[in-house]
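Notes follow the structure.
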Amino acid sequence: MKKEFKQYIGILSTVILTMIFVVASKIGLKIFEGAAWYLFSSFLRIIFGCIAIFLLNKLYGRSLKSIFTNHSPKAALISGVGFAIYALYFLIAILLGYIPIKITGLTLTLFLSQIILQQVTTGFCEEALNRGLLLEGYFCTNMSRISKVIYALISFILFGLIHVTSGWDTYTFLYTGTIGFAFATIYLNTHNLILPMIMHFIYDIFANIVYYMEFNDSVIFNTFYSVNEVMIGIMFVVSLAMLLKDKKMSNACEQQAL
């Protein structure tokens, strides 16, 4: 396969798979509800995540060992500092807004199916698809800073669009898109897919469990949370700085798969 073709085939494959996934999810929503929906959703995520891993192997020669190796863990953590800053802010906001913590409506079945299983499979699927397969073509370019930013922005746009398929919401698009950009920074800088998967899973646990927590509406929380949009902007700016600062990796398309 020509090197130029490899630059774009991952993007095209991701778009097609994402469209199929969205359609399958909407069909599932009409059939299942409650824990059954989360089980079905998790099953879909496993299937599409495995397809993304399969294509990474067939299109780019990435072996399972290479894909699931914790490449450059220290550099990956530094690359993810933008997301880490926002995640810490988000956790503090939860503590301020939901103490004393009162959880209602979260049964054991929902906890296991929605909070644990669906978020494990979401971290696996969305990172394999929207970071791994989508961005692998970058390593078949000249790996310039401009190319790196373009690929990260593609991840921003596609990841944001995925989260507004039920109806356009500018805040949701920018918010989720920025998170996608932050995870893309880690992958483009280090080829590390494990850390984004772990970060994604941990963050999604808190992002989903808050729907079952009673909100205390305190002045302290409202004041703290009023800068949420600013913190999202900081996450993007810091991630962009990390993206531009990191040295280029050697061209992965010229390396043998591990």
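The values are calculated or read from the model by the stated rules, or taken from the named source; none is laboratory data. Remember, predicted model here, so these are calculated numbers, not experimental data. A quick note on method: Cβ atoms are made from the backbone with ideal geometry, for glycine too, and the neighbour counts reach across all protein chains shown. Side chains are part of the model used for accessible areas, which takes the heavy atoms of the whole protein and leaves out ligands, DNA and RNA. Shrake-Rupley method; radii C 1.70, N 1.55, O 1.52, S 1.80 Å.
Would you compute, from DSSP H runs of 4+ residues alone, the mean residue ellipticity of the chain at 222 nm, taking -39500 (n - 2.57) per run and dividing by the full residue count, rounded to the nearest 500?
On the way: 11 runs with 173 residues, N = 258.
That comes out to -22000 deg cm²/dmol.
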Simple spin-label model, 7 Å along Cα-to-Cβ: Val15 to Tyr211 in nm? 3.0
Under the 7 Å Cα-to-Cβ spin-label approximation, Ala241 and Thr69 lie apart by a distance in nanometres of 3.1
Per residue, the convex hull enclosing the Cα atoms of region 1-91 spans a volume in Å³ of 155
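Ranked highest first by average number of other Cβ atoms within 10 Å, how do 28-39, 124-135, 143-154 line up? Let's see the in-between values first.
Working: 28-39: 14.2, 124-135: 25.8, 143-154: 17.2.
The most tightly packed comes first, giving 124-135, 143-154, 28-39.
First check a/c for the chain, with a ≥ b ≥ c the square roots of the eigenvalues of its C-alpha gyration tensor; if it is under 1.5, answer rounded, and if not, answer prolate when a/b is larger than b/c or oblate otherwise.
Numbers: a/c = 2.02, a/b = 1.38, b/c = 1.47.
Taking the square roots of the gyration eigenvalues as a ≥ b ≥ c, the chain is oblate.
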Apply the Karplus parameterisation 6.51 cos²θ - 1.76 cosθ + 1.60, with θ equal to phi minus 60°, to every residue of region 59-65 and state each ³J(HN,Hα) to the nearest whole Hz, in sequence, with x for glycine and proline. 8, 10, x, 7, 7, 4, 4
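Take the residue pairs Lys6/Lys65; Lys3/Lys30; Lys30/Lys65 and return only those whose Cα atoms are more than 32 Å apart.
Working: Lys6/Lys65 21 Å; Lys3/Lys30 42 Å; Lys30/Lys65 38 Å.
Table pairs above 32 Å Cα-Cα are Lys3/Lys30; Lys30/Lys65.
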Unit charges on C-beta of K, R, D, E only; dipole of region 1-120, Debye: 420
State the extension gain, in nm to one decimal, for the chain segment bounded by Ser218 and Phe111, taking 0.36 nm per residue of separation less the distance between their alpha-carbons. 35.9 nm
Packing-based order for 172-178, 226-232, using average beta carbon neighbours within 10 Å, highest first: 172-178, 226-232
Rounded to whole Hz, the Karplus (6.51, -1.76, 1.60) HN-Hα couplings of region 8-19, x for glycine and proline: 10, 5, x, 5, 4, 4, 5, 4, 5, 4, 5, 4
Relative contact order for the chain: what is it in percent, counting Cα pairs under 8 Å that are at least 6 residues apart? 33
For region 166-178, take each phi angle, set θ = phi - 60°, evaluate the Karplus expression 6.51 cos²θ - 1.76 cosθ + 1.60, and give the result in whole Hz per residue in order, putting x for glycine and proline. 8, x, 5, 8, 4, 4, 4, 4, 5, 5, 5, x, 5
Taking Cys50, Cys140 and ranking on accessible area (1.4 Å, protein atoms only), highest first, one gets Cys50, Cys140
By average C-beta atoms within 10 angstrom, highest first, the peptides 193-201, 159-167, 41-49: 193-201, 41-49, 159-167
